[in-house]
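A.B. asks: Handing you this structure, nothing more for now.
The values are calculated or read from the model by the stated rules, or taken from the named source; none is laboratory data. No experiment lies behind these values; they were computed from the predicted model shown. Neighbour counts are summed over all protein chains in view; Cβ atoms, including those assigned to glycine, are modelled from backbone coordinates with ideal geometry. Ligands, DNA and RNA are stripped out before the accessible areas are found, and what is left, the full protein with its side chains, is counted by its heavy atoms. Shrake-Rupley method; radii C 1.70, N 1.55, O 1.52, S 1.80 Å.
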Amino acid sequence: MNLATLDWIIIAAFFALTMFIGLWASKKAGRSTKDFFLSGRDMPWWLLGISMVATTFSADTPNLVTDIVRKDGVAGNWVWWAFLLTGMTTVFVYAKLWRRSGITTDLEFYEMRYSGRAATFLRGFRALYLGVFFNVIIMASVLLAGIKIAGIMLGLSPIQTVLLVSVVTVSYSIFGGLRGVILTDFFQFILSMIGMVAAAIFIVQLPEINGIENLISHPNVVGKIELFPDFTNMEVAVPLFFVPLAVQWWSVWYPGAEPGGGGYIAQRMLSAKDEKDAIRATLLFNIAHYALRPWPWILIALASLIVFPELEGIKASFPNISDNILKDDLAFPAMLTKLPVGLLGLVIASLVAALMSTISTHLNWGASYIVKDFFVRFIDEDAEEIKQVQIGRIATFVLMVLAAVVALALSNAIQAFNILLQIGAGTGLLFILRWFWWRINAYSEIAAMIISFLVAIYFEFIHADVLGFEPLLDYVKLIWGIVITTIGWVTVTFLTKPTDRSTLISFYQLIHPAAGGWQPVIREGLDKGELQSSEVQTGQLPLEILGMVVACFTVYGVLFATGFWLYGNTSSALVASAVAVIGGFILARIWRQIKFR
């Protein structure tokens, strides 16, 4: 399609302003790794929260939501809505603990919590496993969305798209560090939200759709608008609702929704000024991520069922699109081509903003692992701060190159999503319990990591393709992965020696987790005089869990209320709104009772 001069001016202005912000932030980024990877620990909590939201608002996210809605309806979004439980657990239980640790990367946790060579190996291996392998897959799936959007809306080839996005993103990530990433995230998120809301409003008013009432009553859409699956059909309800809410949220490791916190979410919490700001930032992130953003994407996805009911329609409109990437997620950028001059340029800029905000965060996060948890820990422990920053910039560039190469091998967003879920299946419970159960050790984590990976490889490439068994449904593979991995790491935990007592005591003294699961360590520490009675704290775990539950009801209330108001379902909208208001009131009272150090 041909863009007007105004569209190109808007896009060019976006790139110019993004580069300016990144270069402006570079004044401080090169002074130390604290500045480059943690933005000096002086960023406001609301900036950190918005940065988290911007990172999870990637260009592939609306593609993924469109893929889900076209296949399983709005209710299909429970596969990621369920992660709100994970997010709110991080807010009320783990944010304080992470910030209390005072570490630079979350992988330093391993040698703080565990002991011996196993802990050292775990930190080094995961620096490469997560910082390179996992990180590259995530960035590649994000770039894939950019390839599809640029292919339809700009007529760019995959290589042209990858080169354009990579050069700009890697430039401000290298020079600006995390401060540059966070500041550009703020600008990019505001632009992304304005673009998506404006696009949804315009698309719903297209002549083919003629308003939201006609949209939700159209024969192609009417069976897709329910917020909950049909509970009389367990073949649909189990994978879409019960598995995500009952099992997936606590058992699966997924970037941005790690049980117990971790990854770039932990990086933002560690960048906060104090514990209170760490909680505020993650709370803002979860409210915005689940309650504020989904509906523009959902409305556009529903509209695509009318304009492009079948993939053949997309192919007919965009004949140059390769068949290997012609999937349901392509309907999202196809719908955006209906936008008028000016708004089209704004939306393209907002999608590029979403793409770059995610990639820039993953570049800085992955580079922090490579520098602090691999290079400094194993190669040059005495490396000066300036040298560490230089290595971080080199690592940023290399990660970008690897992600660009892998992006060309993927075909759709849901494919990458399912692969990542399967690889992390069964590890989540360990990440939740390691703060509160003294018996978990480094071998537990090594076992969980290896077993979950092997199980994922087996189900993805061997079970059906090599052995000839009937392919399993994704949720069945997920449950089997969780069961096998959990049994495996729990067994290894009891067959191996616990972490050294001195390490456990020093960890407890620094972090002060709830005392229940640390009683053997506490008793022995008190008996031997290594721990003082004044250092033993019961914690506020029941209050924190209550806060998590109330916060989930509050956010779901806002999410559902928005949907019901859009649908014109006034009675349900009033009920959901009441739940949100009452939940917010209770949440405010709980907040006043939380104690900080």
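A.B. asks: Considering only the range 131-141, state which residues are over 15 Å from Leu355 (Cα atoms) and open to solvent by 20 Å² or more (accessible area, probe 1.4 Å).
C.D. replies: Residues satisfying the conditions are Val132, Phe133.
A.B. asks: Output the helices (runs of 4 or more DSSP H) that fall wholly within the range 283-373 and possess 1 or more residues being free of Cβ contacts under 8 Å to residues at least 60 places away in the same chain and open to solvent by 10 Å² or more (accessible area, probe 1.4 Å), or say none.
C.D. replies: Result: 311-317.
A.B. asks: Any residue at all in the range 197-212 that is of a type outside the set (A, V, I, L, M, F, W, C) and either under 22 Å from the mean Cα position of the chain (by Cα) or in a helix (DSSP H, G or I) (or both)?
C.D. replies: No, every residue in the range 197-212 fails to be of a type outside the set (A, V, I, L, M, F, W, C) and either under 22 Å from the mean Cα position of the chain (by Cα) or in a helix (DSSP H, G or I) (or both).
A.B. asks: Before we move on, is Thr493 modelled with pLDDT of 95 or more, open to solvent by less than 20 Å² (accessible area, probe 1.4 Å) and among the β-branched types (Val, Ile, Thr)?
C.D. replies: yes
A.B. asks: Can you name the residue in the range 9-38 that is open to solvent by less than 20 Å² (accessible area, probe 1.4 Å) and among the β-branched types (Val, Ile, Thr) and, of all such residues, is modelled with the lowest pLDDT?
C.D. replies: Restricting to residues being open to solvent by less than 20 Å² (accessible area, probe 1.4 Å) and among the β-branched types (Val, Ile, Thr), the top hit is Thr33.
A.B. asks: Could you tell me which of the residues Val558, Val550 is hydrophobic (A, V, I, L, M, F, W, C), in contact with a Gly (Cβ under 6 Å, 6 or more places away or on another chain) and either open to solvent by less than 70 Å² (accessible area, probe 1.4 Å) or outside any helix (DSSP H, G or I) (or both)?
C.D. replies: Residue meeting the stated conditions: Val550.
A.B. asks: Could I ask something else about it? Out of Leu128, Leu156, Leu144, Leu164, I need the residue that is in contact (Cβ under 8 Å) with a residue 40 or more places away in the chain and open to solvent by 20 Å² or more (accessible area, probe 1.4 Å). Which one?
C.D. replies: Leu128
A.B. asks: Continuing with the same structure: Just one of (1) within 18 Å of Phe189 (Cα to Cα); (2) modelled with pLDDT of 95 or more trips up Thr61, so point out which.
C.D. replies: (2)
A.B. asks: Answer with yes or no whether Met88 is at pLDDT 95 or above, out of contact with any strand residue (DSSP E or B) (no Cβ under 9 Å at 6 or more places or on another chain) and of a type in the set (A, V, I, L, M, F, W, C).
C.D. replies: yes
A.B. asks: Just to be sure I understand, how many residues within the range 226-254 are farther than 19 Å from Asp474 by Cα and in contact with a Leu (Cβ under 7 Å, 6 or more places away or on another chain)?
C.D. replies: Result for the range 226-254: 0.
A.B. asks: Can I ask one more? Residue check: is Thr66 within 24 Å of Ser39 (Cβ to Cβ), open to solvent by less than 10 Å² (accessible area, probe 1.4 Å) and part of a helix (DSSP H, G or I)?
C.D. replies: When the stated conditions are applied, Thr66 does not pass them.
A.B. asks: Right, here's the next one. Anything in the range 357-384 that is in contact with a helix residue (DSSP H, G or I) (Cβ under 6 Å, 6 or more places away or on another chain), closer than 23 Å to Thr120 by Cβ and not β-branched (Val, Ile, Thr)? List them, or say none.
C.D. replies: Trp365, Gly366, Ala367, Ser368, Tyr369, Asp373, Phe374, Phe375, Phe378, Ala383
A.B. asks: Can you tell which of Phe285, Phe231 is of a type in the set (Phe, Trp, Tyr) and under 20 Å from Arg100 (Cβ atoms)?
C.D. replies: Answer to the check: Phe285.
A.B. asks: Continuing with the same structure: For the range 499-529, give me each residue that is more than 18 Å from Arg597 (Cβ to Cβ), assigned to a loop (DSSP other than H, G, I, E, B), touching a Ser or Thr at 6+ places or on another chain (Cβ under 9 Å) and open to solvent by less than 70 Å² (accessible area, probe 1.4 Å).
C.D. replies: Once the filter is applied, which keeps residues that are more than 18 Å from Arg597 (Cβ to Cβ), assigned to a loop (DSSP other than H, G, I, E, B), touching a Ser or Thr at 6+ places or on another chain (Cβ under 9 Å) and open to solvent by less than 70 Å² (accessible area, probe 1.4 Å), the range 499-529 yields only Thr499.
A.B. asks: Here are some conditions: (1) open to solvent by less than 30 Å² (accessible area, probe 1.4 Å); (2) touching a residue at least 12 places away in the same chain (Cβ under 8 Å). Ala383 meets all but one. Which one does it not meet?
C.D. replies: Unmet condition: (2).
A.B. asks: Tell me which residues, restricted to the range 69-104, are polar (S, T, N, Q) and surrounded by fewer than 23 Cβ atoms within 10 Å (Cβ to Cβ).
C.D. replies: Scanning the range 69-104 gives Ser101, Thr104.
Conditions tested, residue by residue: (1) under 22 Å from Thr358 (Cα atoms); (2) at pLDDT 90 or above.
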{"residue": "Phe397", "(1), (2)": "yes, yes"}
{"residue": "Val405", "(1), (2)": "yes, no"}
{"residue": "Phe417", "(1), (2)": "yes, no"}
{"residue": "Leu420", "(1), (2)": "yes, no"}
{"residue": "Ile423", "(1), (2)": "yes, no"}
{"residue": "Arg439", "(1), (2)": "no, yes"}
{"residue": "Tyr443", "(1), (2)": "no, yes"}
{"residue": "Ile446", "(1), (2)": "no, yes"}
{"residue": "Ile451", "(1), (2)": "no, yes"}
